[in-house]
Amino acid sequence: MKSRLIISYTTAALLTVLAAGASAAQTKSSGPEPVPPLLRPKPPAIEPTLPPAHPFHDSRYGVTFTVPAAWDLTRKDAEVSTFNLDARSIARTTQLRAVASIDFNPHPNSTFSGALFYFSVTPHLTPAECSAQATVREPRTASTAQIGGLSFTHGYDEHGGICTESRDEIYTTPHNNSCYRFDAVINTFCGGDVSGVQDITPHELDAVRMRMQKILDSVHFDTN
């Protein structure tokens, strides 16, 4: 008799557990699945105004340009950048003069990870060597661009593993027995469902390039 009661109690307990599990499963399936934090879309970026836009001037090489609002500027590499990795065609004697970096993400739901604007100078470089810095990747696709009243050779470089992780628009010109160079670098990362973001679109890339172009448009060279 006692053994029958034990079996009866055990059976009843199992039925109770199964019923509770089925009820919980039904409740879970009837409601929306929670979205993991990494997959939740981020709110649209609010355009910051600090630090305010301000001019940069290099008195040694006579170059001025405007640093946009919400961009940081430093004259030392490795504080916000890795110049030799972003600008891979520089010479051993190239001197980084300044780097401006965007301080916010204008496309938070994309694979955008940063934008940097470099100004550098390589002393005692021939015009041919200077032009070659900009055309190291695709010499046949090189073009010319007017910056601050001077004609620059315009080329590009890009690199990455699974996807394009960095694209560098390069502008060089021989000036005052040196090679003046600007690099407009856009960095991205490889996305996918796990990261919860979409690959940056051509429209978004163009929007970042327009920000870079405004810096180039502000370049001014001192008159001798």
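Observations
- Considering only residues in segment 85-95 that are within 16 Å of the chain's Cα centre (by Cα) and not in a loop (DSSP other than H, G, I, E, B), the one that is modelled with the lowest pLDDT turns out to be 85.
- Some residue of segment 30-47 being open to solvent by less than 90 Å² (accessible area, probe 1.4 Å) and modelled with pLDDT of 60 or more: yes
- Considering residues of segment 166-190 that are of a type in the set (Val, Ile, Thr) and free of Cβ contacts under 8 Å to residues at least 60 places away in the same chain only, the residue nearest to residue 213 (Cα to Cα): 172
- Residue in segment 158-174 that is modelled with pLDDT of 95 or more, among the hydrophobic types (A, V, I, L, M, F, W, C) and either open to solvent by less than 40 Å² (accessible area, probe 1.4 Å) or closer than 21 Å to residue 71 by Cβ (or both) present: yes
- Looking across segment 102-118 at every residue that is part of a strand (DSSP E or B) and in contact with a Phe, Trp or Tyr (Cβ under 6 Å, 6 or more places away or on another chain), the one that is farthest from residue 48 (Cα to Cα) is identified as 113.
- Criterion: more than 14 Å from the chain's Cα centre (by Cα), outside any strand (DSSP E or B), surrounded by 16 or more Cβ atoms within 10 Å (Cβ to Cβ) and not acidic (Asp, Glu) - qualifying residue of 216, 205: 216
- Sub-6 Å Cβ pairs linking a first residue in segment 78-102 that is free of Cβ contacts under 8 Å to residues at least 40 places away in the same chain and closer than 17 Å to residue 186 by Cβ to a second residue that is open to solvent by 60 Å² or more (accessible area, probe 1.4 Å) and of a type in the set (Val, Ile, Thr), at least 6 apart or interchain, are 101/80, ordered by first then second residue.
- Residues (closer than 22 Å to residue 164 by Cα and open to solvent by 50 Å² or more (accessible area, probe 1.4 Å)) located in segment 79-104: 80, 82, 84, 85, 88, 103
- The condition (being open to solvent by 40 Å² or more (accessible area, probe 1.4 Å), out of contact with any His (no Cβ under 6 Å at 6 or more places or on another chain), within 22 Å of residue 85 (Cβ to Cβ) and not in a strand (DSSP E or B)) is satisfied by just one residue among 130, 190: 190.
- Considering segment 145-157, and only residues there that are of a type in the set (Ser, Thr, Tyr) and closer than 11 Å to residue 172 by Cβ, the residue that is surrounded by the fewest Cβ atoms within 10 Å (Cβ to Cβ) turns out to be 151.
The values are calculated or read from the model by the stated rules, or taken from the named source; none is laboratory data. Predicted model, so just to flag it, every value in this text is computed and none were measured. Please note: Cβ atoms are built from the backbone with ideal geometry, for glycine as well, and neighbour counts cover all protein chains shown. Note: accessible area is taken over every heavy atom of the protein model, side chains too, but ligands, DNA and RNA are not part of it. Shrake-Rupley method; radii C 1.70, N 1.55, O 1.52, S 1.80 Å.
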